[in-house]
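Trainee: Structure incoming, see below.
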Amino acid sequence: MDNRQQWGTRAGFIMAAMGSAIGLGNIWRFPATAYENGGGAFFLPYLFALLTAGIPMLIMEFTLGHKYRGSAPLTFARVNRKLEWLGWWQVGISFVISTYYSVIIAWALSYMVFSFDLKWGSDTGGFLMGDYLKRVDIVSGGAIGEFGSFVPGVLIPLAIVWLVTLGVLVKGIKKGIELANRIFLPTLIVLFLMIVIRAVTLDGAADGLTAFFKPNWETITDSKVWVAAYSQIFFSLSVGFAIMLTYSSYLPKKSDLNNNAFITGFGNSAFELLAGIGVFSALGFMAAQQHITVPELAEQGVSGIGLAFVVFPQIINEFPAFNSFFGVLFFGSLFLAGISSLISIVETFVASVQDKFNISRTAAVLTGGGLSAVVSLIYATQGGLFFLDVIDYFINNFGIALAGLIEVVAIAWIVKQLTKLQQHGNAISDLATGLWWRVALGVITPVVLGWMMVDNIRTNLKENYGGYPTEFVIQYGWVVAGLVIAIGVVLSIKKWNRALQQTDSQEEEAV
Amino acid sequence: MDVSAVVMMVLGMFIIWGGFAASIAHAVKKSKSKKKSGEVSS
């Protein structure tokens, strides 16, 4: 009999899935992507992508996890023994992401503390690179690819991030992940709502919102805008790297998989929209303070690490009152959004190690999570930011996107499981999917992801990402992305214990 | 604010936040009707 853990409640599962999907990218990627790709007009391809790729993939992963009741490698092995490597590849991608994602959350934690006395001062860019990260200075003799020494200011919060993450995971699904997300997600929403309410009442907020929402309909015919919309949906929903599949494997027998996917997908987008309103209202305020227009401000870069750790501290400096308070709210939001996602990322390989090697949960958390924590120390060095930048780019574009493409092609066209999965999902869900779901996964998603992949390969063969030296890009970009696949294949060679033989019906009886 | 921006903002909120609210409302409604008939679902 299988004694797989289960979520305590449906709300607990939905909060955990939403907590995973709502991450740093919702706050620092979506607003800039929408702005750069037609403003209000971007919502059309974005919604189309949500309904034809995001939610269908969520439904597919929820159904796979629920039907085969295992971590990603076990689930794929149960679908077809030859697909196990795909599960390990996705788990490997999660492992790599967890190593640097934890470091960014550690920065957010540091900045939350810095907010109390606005320690970053007026030169926020100089503070981040110099005073805080003590980044290897390539202008005065340092080289990209050098590690330098450890940065104590990053090490301490990083240790806290790992303690919280592993502590939650050791407690298990119901008492650990579910309980943590029941606290983290509502707190995040309340904190972020406070920021948004304040931001929209600042001088210049209307100009920021105009820049964000004013539609540029000419962009609609540009294929790059559609690819950007699909990328945003795909990267934001935690699909393609084992998370949703693992989470849904802990659902009880009777679960409304299809509507859970709609709630998670729309919930994630709802937060993205809220983030766009908050970020662009704040940018409108900053532009007004500097007597420039929002597009002029946006030209300086308003996404990613720069937005969170350089631009936002500047905005917080210029707040008319309660600067520290809003600093704590903003970086606290980043911390909560990040840590709930990190927990889900680490859970993928904890569950996989537990399934494959038949060890206790505590041992799996300490082995998998512990190893990731040790590797994350690379990014807590003076040269860590360069490694983080290149590895993040390659693992996203040639890890998540490629693994997602292969997953959907394998399920739809190689093992031809779409109809079976649909029957399973519809049999237990209140909301039934129809032909649109099979068309979305069998045709639309593979075509768009395939196009994205061709475009990515073409771009990266033409020029090195970020202008980095070729050797550095090969070693830490291409090799890391390739190594994850190789490790996946190697791990799939090891034989399973009884876990693989347990059938679907036997497992369902155990629920 | 520009009128077209206001229209897009309202539309975006209506569809995305509305979609979220509708999917939750559907789940709550179904859950209540199942409780009445004695079924349990997650």
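Read-outs throughout are calculated quantities, based only on the coordinates presented, and are distinct from any laboratory measurement. As the structure is a prediction and not an experimental result, all values here were calculated from the model. Note that each Cβ is placed from the backbone with ideal geometry, even for glycine, and that neighbours are counted across all protein chains shown.
Trainee: What is the distance, in nm, between label points placed 7 Å from the Cα along the Cα-to-Cβ direction at residue A:324 and at residue A:203?
Mentor: Calculated label separation equals 2.5 nm.
Trainee: DSSP loop (so not H, G, I, E, B), at most 13 other Cβ within 10 Å: list which trypsin sites (Lys or Arg not before Pro) in the range A:1-36 pass both filters. The partial results should precede the final answer.
Mentor: On the way: sites: A:4, A:10, A:29; in loops: A:4, A:29.
Here no trypsin sites (Lys or Arg not before Pro) fit, given the DSSP loop and packing criteria.
Trainee: Normalise the Debye intensity by I(0) for chain B, one equal point scatterer per Cα, no solvent, then take log10 at q = 0.34 Å⁻¹ and round to two decimals.
Mentor: Summing over Cα pairs of chain B leads to -1.01.
Trainee: Kindly provide log₁₀ I(q)/I(0) values, in the same order as q = 0.22, 0.24 Å⁻¹, from the Debye equation applied to equal alpha-carbon scatterers of the range A:248-339.
Mentor: Here the Debye-derived log intensity ratios amount to -1.15, -1.30.
Trainee: Compute the FRET efficiency between residue A:160 and residue B:37 as 1/(1 + (r/R0)^6), taking r as their Cβ-Cβ distance and R0 = 56 Å, and round to the nearest 0.05. Let's see the in-between values first.
Mentor: Values: r = 48 Å, r/R0 = 0.85.
The calculated FRET efficiency here is 0.70.
Trainee: What nm value, rounded to one decimal, do you get for the distance between residue A:293 and residue A:140 when each label is placed 7 Å out toward the C-beta?
Mentor: Simple spin-label model gives 4.0 nm for this pair.
Trainee: Here is a further query. With N set to the number of residues, divide the alpha-carbon radius of gyration of the range A:64-118 by 2.2 N^0.38 Å and report two decimals. It would help to have the intermediate numbers written out before the result.
Mentor: On the way: Rg = 18.1 Å, N = 55, 2.2 N^0.38 = 10.1 Å.
For the range A:64-118, the normalised Cα radius of gyration comes out at 1.79.
Trainee: Listing A:200, A:346, A:490, A:294 from the residue with the fewest other Cβ atoms within 10 Å to the one with the most, what is the order?
Mentor: On the way: A:200 18, A:346 27, A:490 11, A:294 23.
Least crowded to most crowded, the residues run A:490, A:200, A:294, A:346.
Trainee: Could you work out the mean count of beta carbons from other protein chains within 10 Å of each residue's beta carbon in A:255-264?
Mentor: Numbers: counts 2, 7, 1, 1, 6, 3, 1, 7, 8, 2.
Mean number of neighbouring Cβ atoms from other chains: 4.
Trainee: What pairs from A:356/B:29; A:82/A:462; A:171/A:495; A:174/B:32; A:82/B:35; A:134/A:175 go past 31 Å between their alpha carbons?
Mentor: Result: A:356/B:29; A:82/A:462; A:82/B:35; A:134/A:175 exceed 31 Å.
Trainee: Still on this model: Please turn the phi angles of the range B:10-27 into ³J(HN,Hα) values with the Karplus equation 6.51 cos²θ - 1.76 cosθ + 1.60 (θ = phi - 60°), one per residue in order, whole Hz, x for glycine and proline.
Mentor: Taking θ as phi minus 60°, the curve returns 5, 4, x, 4, 4, 6, 6, 5, x, x, 5, 5, 5, 5, 5, 4, 5, 5 Hz for the range B:10-27.
Trainee: How far, in nm, would the chain grow between residue A:131 and residue A:435 when pulled straight, counting 0.36 nm per residue and subtracting the alpha carbon separation? Kindly include the intermediate steps, with their values, before the conclusion.
Mentor: Details: separation 304, 0.36 × 304 = 109.44 nm, distance 5.64 nm.
Here the answer is 103.8 nm.
Trainee: Order these peptides, A:168-175, A:115-122, by their mean beta-carbon neighbour count within 10 angstrom, highest first. All intermediate terms of the calculation are to be shown ahead of the outcome.
Mentor: On the way: A:168-175: 18.9, A:115-122: 15.2.
Listed from highest to lowest mean packing, they are A:168-175, A:115-122.
Trainee: Using θ = phi - 60° and the Karplus form 6.51 cos²θ - 1.76 cosθ + 1.60, what ³J(HN,Hα) does each residue of the range A:42-49 get, whole Hz, x for Gly and Pro?
Mentor: Working through the residues one at a time gives 5, 4, 5, x, 5, 5, 4, 5 Hz.
Trainee: Would you compute, from DSSP H runs of 4+ residues alone, the mean residue ellipticity of chain A at 222 nm, taking -39500 (n - 2.57) per run and dividing by the full residue count, rounded to the nearest 500? Can you show the working numbers first?
Mentor: Working: 26 runs with 325 residues, N = 511.
Computed ellipticity for chain A at 222 nm equals -20000 deg cm²/dmol.
Trainee: Here is a follow-up. Could you work out the per residue convex hull volume over the alpha carbons of the protein assembly as shown, in cubic angstrom? Show your work: numbers first, answer last.
Mentor: Working: hull volume 78.8 nm³, N = 553.
Taking the convex hull of the Cα positions in the protein assembly as shown, it is 143 Å³ per residue.
Trainee: Kindly provide the pair-distance distribution of the range A:360-427 built from C-alpha pairs, with 5 Å bins from 0 and whole-percent values in order of increasing distance.
Mentor: The distribution over the range A:360-427 is 3, 13, 11, 12, 13, 13, 15, 10, 6, 3, 0, given as percents.
Trainee: Right, another one. As an exercise, use a Förster radius of 56 Å and the Cβ-Cβ distance of residue A:174 and residue A:471 to find the FRET efficiency, rounded to the nearest 0.05. Spell out each step's value before the answer.
Mentor: Values: r = 48 Å, r/R0 = 0.86.
The computed FRET efficiency comes out at 0.70.
Trainee: Also, quick follow-up: Taking GluC sites (Glu not before Pro) as candidate sites, keep only those in a DSSP loop with at most 14 other Cβ atoms within 10 Å, then name the longest stretch of chain A containing none of them.
Mentor: On the way: sites that count: A:146, A:299, A:463.
It works out to A:300-462.
Trainee: Mind checking the log10 I(q)/I(0) for the range A:300-342 at q = 0.20, 0.22, 0.23, 0.32 Å⁻¹? Debye, one equal scatterer per Cα, no solvent, two decimals.
Mentor: -0.66, -0.76, -0.81, -1.08
Trainee: Taking R0 as 51 Å, what's the FRET efficiency between residue A:222 and residue A:494 from their Cβ-Cβ distance, rounded to 0.05?
Mentor: Numbers: r = 47 Å, r/R0 = 0.92.
That pair, residue A:222 with residue A:494, gives E of 0.60.
Trainee: Read phi for every residue in the range A:295-300 and hand back ³J(HN,Hα) as whole Hz from Karplus 6.51 cos²θ - 1.76 cosθ + 1.60, θ = phi - 60°, with x for Gly and Pro.
Mentor: x, 5, 5, 5, 4, 7
Trainee: May I ask you to list, by number, the DSSP H helices of chain A whose Cα span along the axis is at least 24 Å and whose average Kyte-Doolittle hydropathy reaches 1.6 or more?
Mentor: On the way: long enough: A:84-114 (45 Å, 1.11); A:152-170 (27 Å, 2.38); A:179-200 (32 Å, 2.09); A:257-289 (48 Å, 0.90); A:323-357 (50 Å, 1.26); A:445-462 (25 Å, 0.29).
Helices meeting the criterion: A:152-170, A:179-200.
Trainee: Over all distinct Cα pairs, what is the inverse of the mean 1/r for the range A:180-247, reported as the Kirkwood hydrodynamic radius in Å?
Mentor: On the way: mean 1/r = 0.0641 Å⁻¹.
About 15.6 Å, per the Kirkwood formula over Cα pairs.
Trainee: For the range A:331-460, what D do you get in µm² per second when you plug the Kirkwood radius from alpha-carbon pairs into Stokes-Einstein at 37 °C and 0.692 mPa s?
Mentor: Numbers: Rh = 18.1 Å.
The estimated diffusion coefficient comes to 181 µm²/s.
Trainee: Okay, moving on. Expressed as a whole percent, how much of the Cα-Cα distance distribution for the range A:95-238 exceeds 26 Å?
Mentor: Of the Cα pairs, 52 percent sit more than 26 Å apart.
Trainee: While we're here: I'd like the mean, over residues of B:27-33, of how many other protein chain beta carbons sit within 10 Å of each residue's own Cβ.
Mentor: Values: counts 10, 0, 1, 5, 4, 0, 1.
For peptide B:27-33, the averaged partner shielding equals 3.
Trainee: Taking the Cβ of residue A:176 as the center, what net charge do the other residues with Cβ under 13 Å away carry, scoring Lys and Arg +1 and Asp and Glu -1?
Mentor: Values: positive: A:171, A:174, A:175, A:182, A:361; negative: A:178, A:347.
Taking every Cβ under 13 Å from that of residue A:176, the sum is +3.
Trainee: What residues have an amide H closer than 5 Å to that of residue A:214, excluding those fewer than 5 places away on the same chain, when H is modeled at 1.01 Å from N in the peptide plane?
Mentor: Excluding prolines and chain starts, which carry no amide H, the hits are A:40.
Trainee: Counting partner chain Cβ atoms within 10 Å of every residue's Cβ in B:13-21, what's the average? Kindly include the intermediate steps, with their values, before the conclusion.
Mentor: Details: counts 4, 0, 6, 13, 6, 2, 11, 12, 3.
Mean shielding by partner chains, rounded to a whole number: 6.
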